[in-house]
Amino acid sequence: QPGRAPRVSPAQAARLRAWNGLDWALYAHLNRSFWRRAEAFGAARLRREVARLRQRRDALARRCLRGGGPLPARAIADGRLRPFQPPGRAQILGY
């Protein structure tokens with residue numbers, strides 16, 4: 001069935017957890033660090049800053065990007081600027 005993750009055995013799951021252990025530890029550390037800093041910065045202030053950043057990003061996209069946003073790779077005429085498309089169903093967008 002499309003969209004379903006493949007089943008893995010308990011042994012495979014253990015190997016995957018071991019393989020990704022360092023990534024998970026790094027993610028968990030950075031996530032905790034981010035939320036500590038966000039709390040010190042202030043939730044309301046952070047929301048205002050994020051809103052300003054999004055407004056600025058949108059303004060720059062309208063000014064600088066033809067079409068104003070990401071495009072499917074096949075829509076980018078210059079092949080040197082097309083993003084790599086890995087095998088599978090994922091589609092990497094470009095500008």
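The values are calculated or read from the model by the stated rules, or taken from the named source; none is laboratory data. Note that the coordinates shown come from a computational prediction; the quantities given were computed from them, not determined experimentally. Don't worry about glycine lacking a Cβ; one is built from the backbone with ideal geometry, like all the others, and counts go over all protein chains shown. The protein model used for the area step is the full one, side chains on, heavy atoms only, and it has no ligands, DNA or RNA in it. Shrake-Rupley method; radii C 1.70, N 1.55, O 1.52, S 1.80 Å.
Looking at the stretch 1-47 only, could you name the residues that are of a type in the set (S, T, N, Q) and closer than 27 Å to R89 by Cα?
Result: Q1, S9, Q12, N20.
Would you say V50 is in a loop (DSSP other than H, G, I, E, B) and of a type in the set (A, V, I, L, M, F, W, C)? For V50, the condition - in a loop (DSSP other than H, G, I, E, B) and of a type in the set (A, V, I, L, M, F, W, C) - is not met. Residues that are surrounded by 10 or more Cβ atoms within 10 Å (Cβ to Cβ), assigned to a loop (DSSP other than H, G, I, E, B) and not aromatic (F, W, Y) within the stretch 68-95 comprise G68, G69, P70, I76, R82, P83, Q85, Q91, I92, listed in sequence order. Restricting attention to the stretch 20-36, report how many residues are open to solvent by 80 Å² or more (accessible area, probe 1.4 Å) and within 21 Å of the chain's Cα centre (by Cα). The qualifying residues number 10.
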